[in-house]
Amino acid sequence: MPVFIHNLATAVPPTEYRQEFLRDVMLHEFQGKRRTQNLIQRIYDASGIERRHTVVRDLDDSPDQPLFFHLDPGAPVPTTAYRNAIYIDASQELAVRVGQSLLARNESFTAADITHVITVSCTGFFAPGTAYALVKALDLAPSTHRYNIGFMGCFAAFQALQMAQAFCTANPDAVVMLICVEICSIHLHLDAQPDNLISASVFADGAAGAIVSASPPAASPYYRLGGFATAVSEKGEEDMAWSVGDYGFDMVLSRYVPSILETSLPVALEPLRPLVDDLANVHHWAVHPGGRAILDKVEQGLELHPEQLASSRHVLAQYGNMSSATVLFVLCHLLSQPAAA
């Protein structure tokens, strides 16, 4: 039974900073540490990012409650509880905006038709959760089934889409709203460890979602979910990690990730071959833009033309890495292009 993504929607916080401005802020934070400053300069200048959005407003002219910058001398580092309190408010606001946009732009379904809500996040926790907030704010039926995919990182949107496909295959009347919301910036660590400097240079905040159903969409273009495949690399377990610390979540994103991806790419693609006659005939690739070097390695490894990754590079440049939400931004941008019509 075919299952379709009827439409997608995205949302970002209103606060936006240019990448070169953020680079200069970090250079100021590490003034007098020449080696660290040189590393910051190289990381930011080669990031492929032009701007990022964040809920952190420390760098505005009149910050209300500074989180990382403009703190009084000797001020304590924000605790995980303090950061998570920001997540609770910001994640609900962004998720509701995405849900409202999905319903407003959908020609087939209204709020009364939604049967399942799937939320995705790895940057915060609370109960009863974002899905409950969506049911209330969007006036969904009290019988709406609610699910949350937590702490699975950047690839979790694929898990949500696969879950939505399974629901719609099992019940042709199911209409699934899935929303990924990530508030990455609240977990900034101002220290000179290279992994933390890399994380600080790429991560940003945003939310994105989709409505999925087995009913054919009333409007085009749209996506049909054909199949899913996955593969696990034996390398990289310690190079990409996410754990809860006392002062925010501790992110490990090492400089070796692009090289690990390069060597693992053939193994990762093997499960896709039964789903696609010839990978060379795939014209558009929605690759998670974890960073510029990652996209470069994918482009080189698959011998792709630059335009085949244009949407991924556009999202990286305009939004940075928003963890699980990012690939839905890519799918949304790709669908808006004339070639997708």
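The values are calculated or read from the model by the stated rules, or taken from the named source; none is laboratory data. Keep in mind that this is a model prediction, so the values were computed, not measured. Positions of Cβ are generated from backbone atoms using ideal geometry, with glycine treated the same way; all protein chains shown enter the neighbour counts. SASA here: full protein model, heavy atoms, side chains in, ligands and nucleic acids out. Shrake-Rupley method; radii C 1.70, N 1.55, O 1.52, S 1.80 Å.
Here's the picture: charge each Lys and Arg Cβ at +1 and each Asp and Glu Cβ at -1 in the chain, and of His284, Asn148, Asn196 the one pushed furthest to the positive end of that dipole is His284. Remark: relative contact order (segment 254-331) = 34 percent; criterion is Cα-Cα distance under 8 angstrom and separation of 6 or more residues. Electrostatic tally near Gly124: other residues with Cβ closer than 12 Å to its Cβ, Lys and Arg +1, Asp and Glu -1, net -2. Summing +1 for each Lys or Arg and -1 for each Asp or Glu among the other residues whose beta-carbon sits under 14 angstrom from that of Thr326 gives +1. With the simple spin-label model, which puts each label point 7 Å out from Cα in the Cβ direction, the Glu50 to Lys33 separation comes to 3.1 nm. Computed from label points 7 Å out along Cα-Cβ, the spacing between Ala317 and Ala81 is 4.5 nm.
Think of each Lys and Arg Cβ as +1 and each Asp and Glu Cβ as -1; about the Cα centre, that makes the dipole of segment 32-148 roughly 540 debye. Residues Thr326, Thr110 ordered from highest to lowest accessible area at a 1.4 Å probe: Thr110, Thr326. The heavy atoms of His288 present about 40 square angstrom of accessible area, all protein chains included, probe 1.4 Å. Which part of segment 90-107 falls in the paramagnetic zone of Asp60, meaning amide N under 15 Å from the point 7 Å along Cα-to-beta-carbon? The answer is 90, whose backbone nitrogens lie closer than 15 Å to the label point. The C-alpha radius of gyration of segment 300-341, expressed as a fraction of 2.2 N^0.38 Å, stands at 1.18.
Across the protein chains, with a 1.4 Å probe defining accessible surface, the residues Tyr17, Tyr223, Tyr132 rank Tyr132, Tyr223, Tyr17 from largest area downward. Using a probe of 1.4 Å on the protein chains alone, the accessible area found for Met163 is around 60 Å². I need the shape label for the chain. Rule: rounded when a/c is under 1.5, else prolate if a/b > b/c, else oblate, with a, b, c from the alpha carbon gyration tensor. Oblate, since a/c reaches 1.5 and b/c is not below a/b. Accessible surface of Ser215, taken over heavy atoms with a 1.4 Å probe and every protein chain present, rounds to 50 Å². Here the label points at Asp89 and Gln41, each 7 Å from Cα along the C-beta direction, are separated by 3.9 nm in the simple model. Beta bridges assigned by DSSP with both partners in the chain are antiparallel in approximately 70 percent of cases. Rounded to the nearest 10 degrees, the angle from helix 310-319 to the longest Cα principal axis of the chain is 50 degrees.
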